[in-house]
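The values are calculated or read from the model by the stated rules, or taken from the named source; none is laboratory data. Owing to the predicted nature of the structure, the values given are computational and were not obtained by experimental measurement. Ideal geometry is used to build each Cβ from the backbone, glycine not excepted, and the neighbour counts take in all protein chains shown. Heads up: the accessible areas ignore ligands, DNA and RNA and are worked out on the full protein's heavy atoms, side chains in. Shrake-Rupley method; radii C 1.70, N 1.55, O 1.52, S 1.80 Å.
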Amino acid sequence: MNYASVAMTAALIAGALGLAGGLSNAKADDLSYFEKQLDPYRAKPSFIAPGPAFDAANCMKGKSILSIPVSSANPFTANIEKAMQGVAKEVGFKFTTWENQGQSSQWVQGMDTALNQKVDLIDLLAGSDPRVLVPQVKAAQSAKIPVIASHYSGVEQTALVNSFSDGDVPIDYFKAGALLADWGVARTKGKMNALVLIASGPLSTDSMVAGITAELKHCDDCKTKTLNYTVPDWGTRITPGVQAALLADPTINYIIVIYDSMAQFVVPAITITGSQDRVKIDAFNGTPFVLGLVQNGQVEMDIGENLDWIGHSILDSEMRRVCGLPLVSDPKIPFLMFTAENAKDAGTPPQLSQGYGDAYVKGFRDLWQLK
């Protein structure tokens, strides 16, 4: 889930997630536990096939997929769409991106167009939410056109997503949240007192907060306070909100940012309060400008995801659906932790999808039996 889709919904997460009072303290410190959780994500990821190989070109011949991203103005989704276009060209089927500016009425128009064109599958990418498209999803189902929500929900949320669509291509947001907590605890040697910045509404937030909560059960001396900001408020509320929190509690030593574009508003608050030496930041998404902040030391760690790899993984799952093949429950989209040691691998300045290696390129070609 990328940060722009957060603005599409406004429902608050249940109090169990600790929005008002912060996440609860935890139990049983063991720093080796946290380090072990982090270790698999320090090296460039290897390719893991999400399912059996199949002849993609043969079974997708003459087929079509229409994708409705949360917003075409968002570089995150725009670059995933670009990757998906490239896959479709290589495999040999029609792929259409429904250009929009993030308005639900435009998503409705995209759904109607897909029905009129009689496409073989509709993809809802990264926040074009099936929960606000119920009549259109039902119409597509009546026309035997599956509607798939991709890169929006956690692996453990599939049953919920399936109640509003025909399936999902999830990502392990729970693990991403857990890793953010693991890193902060390890870096503070089990004495983390953190601000957790979230944006409530999307399913990805629920999943990431659940992952953070689960990991903090392993830390007796960790404390957190949650600050909740919707996207329209990021530019005006995050900096003064974080500034006030740092001044109110000089023992705060970490800031966990679940969507890394928030970091651009966190850094000034740390600078204004002179907290650079005691307060560090970790984040999730791997947005290039935030990897630049990692390179210059203003963000300590950013968990990245390769957008080109994501595009391949989404279409792998969706082609299997169109071809009538067994579905995969986990598309095996990997994470990579970027720190001062490896952030330069993303380029100078950092570039999208760079620094992860290219194991997936051959991996998917072999999986799809392309010649």
Top-ranked residue of region 247-271 - restricted to ones that are among the small types (Gly, Ala, Ser) and farther than 21 Å from Ser207 by Cβ, ranked as least open to solvent (accessible area, probe 1.4 Å):
Ala269
Suppose we filter region 333-346 for residues that are surrounded by fewer than 19 Cβ atoms within 10 Å (Cβ to Cβ) and part of a loop (DSSP other than H, G, I, E, B); how many remain?
4
Any residue that is in contact with a Ser or Thr (Cβ under 7 Å, 6 or more places away or on another chain) and open to solvent by less than 10 Å² (accessible area, probe 1.4 Å) - is there at least one of those in region 325-332?
yes
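State all residues of region 135-154 that are at negative phi and either among the hydroxyl-bearing types (Ser, Thr, Tyr) or open to solvent by 50 Å² or more (accessible area, probe 1.4 Å) (or both); if no residue qualifies, say none. I'd like the intermediate steps shown before the answer.
Pass one, region 135-154, residues at negative phi: 135-143, 145-150, 152-154.
Within region 135-154, Pro135, Lys138, Gln141, Ser142, Ala143, Ser150, Tyr152, Ser153 meet the criteria.
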Per-region count, region 233-267, residues outside any helix (DSSP H, G or I) and among the charged types (D, E, K, R)
1
Extreme residue, nearest to Pro130 (Cα to Cα), among residues of region 192-217 that are surrounded by fewer than 21 Cβ atoms within 10 Å (Cβ to Cβ) and not polar (S, T, N, Q)
Ala210
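Looking at Met208, Met192, which one is hydrophobic (A, V, I, L, M, F, W, C) and more than 30 Å from Ala73 (Cα to Cα)?
Unique residue meeting the criteria: Met192.
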When you scan region 298-321, do you find a residue that is at pLDDT below 95, more than 23 Å from Thr236 (Cα to Cα) and in a loop (DSSP other than H, G, I, E, B), even just one?
yes
Mind counting the residues in region 181-191 that are within 12 Å of Lys280 (Cα to Cα) and either hydroxyl-bearing (Ser, Thr, Tyr) or crowded, with 24+ Cβ neighbours inside 10 Å (or both)?
4
Could you list all residues from region 86-131 that are of a type in the set (S, T, N, Q) and either modelled with pLDDT of 95 or more or under 17 Å from Arg320 (Cβ atoms) (or both)?
Thr96, Thr97, Gln109, Thr113, Asn116, Gln117
Report, ordered by the first and then the second residue, all pairs with beta carbons closer than 8 Å, sequence separation of six or more or different chains, a first member in region 304-317 that is in contact (Cβ under 8 Å) with a residue 40 or more places away in the chain, and a second member that is part of a helix (DSSP H, G or I) and of a type in the set (Val, Ile, Thr).
Leu307/Ile80; Ile310/Ile80; Gly311/Ile80; Gly311/Val87; His312/Val87; Ile314/Ile80; Leu315/Val87; Leu315/Val91
Given (1) touching a helix residue (DSSP H, G or I) at 6+ places or on another chain (Cβ under 9 Å); (2) open to solvent by 10 Å² or more (accessible area, probe 1.4 Å); (3) in contact (Cβ under 8 Å) with a residue 40 or more places away in the chain, index of the condition Ala176 fails
(2)
Could you tell me which residue of region 272-290 is least open to solvent (accessible area, probe 1.4 Å), considering only residues that are touching a residue at least 60 places away in the same chain (Cβ under 8 Å) and part of a helix (DSSP H, G or I)?
Pro288
